[in-house]
Amino acid sequence: MKCAGTSLKTALEKQGILFNIIGSQIGLKKGLLKHNCVTPEAVQRASRMKGFDEAWKWTFVRNPWDRAVSNYFYMRKASYFDVTFKDYLKLPFNKMPNLAKAHGRSLCYYFGNTKIDFIGRYKNLQEDFDYVCEKIGIQTCKLPHENKTNHKHYTEYYDDECIELVANKFADDIERFGYKFT
């Protein structure tokens, strides 16, 4: 979902603990992961499993306007489509490739009503990841930068219409996490 999931997964796997933590704390199995992200269905299933409520749950979020630019360039790099940024933002959900659908959903959609104990911010990625490492009792490490997309600062891709398209599409995330177009 372009919130450093692959980088986080890689760093944790190097310590040999990603699936161990997920598996032991909330019972998720590797097969429940799609595109290196936990699906809403997996969260719903896990929430019914023994130990879920006691597990310390964490995630990372990213400014929706920044995330949309990163998604766009990621999809182009993967040759999923070749449209302008504005046309990408206007694509009806049912016309998007499956991976674009997964990356294009509101982060609140994935959380549902699940209580998250710590929400890290992409803009504070290393610092917040260090906090997660300390909290779960593992050694901190420098995060790799996986799945990097090359583009200018996200604000350079927007006009008023594009700002509004993202604001409408990700209104839940913007409200819940206090994001602004800046």
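Computed from the coordinates by the stated procedures, all read-outs in this text should not be read as laboratory data. Since we're looking at a predicted model, the values are computed, not measured. Quick reminder, even Gly has a Cβ in these numbers, built from the backbone with ideal geometry, and neighbours come from all protein chains shown.
Going by average Cβ neighbours within 10 Å, how do the peptides 130-136, 76-82 rank, with the highest at the top?
Working: 130-136: 14.6, 76-82: 12.4.
The packing order, highest mean first, is 130-136, 76-82.
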Q: Estimate the FRET efficiency between H153 and F118 by the formula 1/(1 + (r/R0)^6), using the beta-carbon distance for r and 22 Å for R0, to the nearest 0.05.
A: 0.20
(Q) List the residues, sorted by chain then number, that are 5 or more residues from V61 or on another chain and whose placed amide H is less than 5 Å from its amide H. (A) G120, R121, Y122
Q. In terms of Cα to Cα distance under 13 Å, which aspartates and glutamates are near enough to K86, apart from those fewer than 8 places away along the same chain?
A. E156, D159, D160, E161, E164
Q: For a label point 7 Å from the Cα of I163 along Cα→C-beta, name the residues of the stretch 80-117 whose backbone N is under 17 Å from it.
A: 86
Q | Radius of gyration, Dmax [the stretch 98-147; alpha carbons; angstrom] | A | 13.5, 36
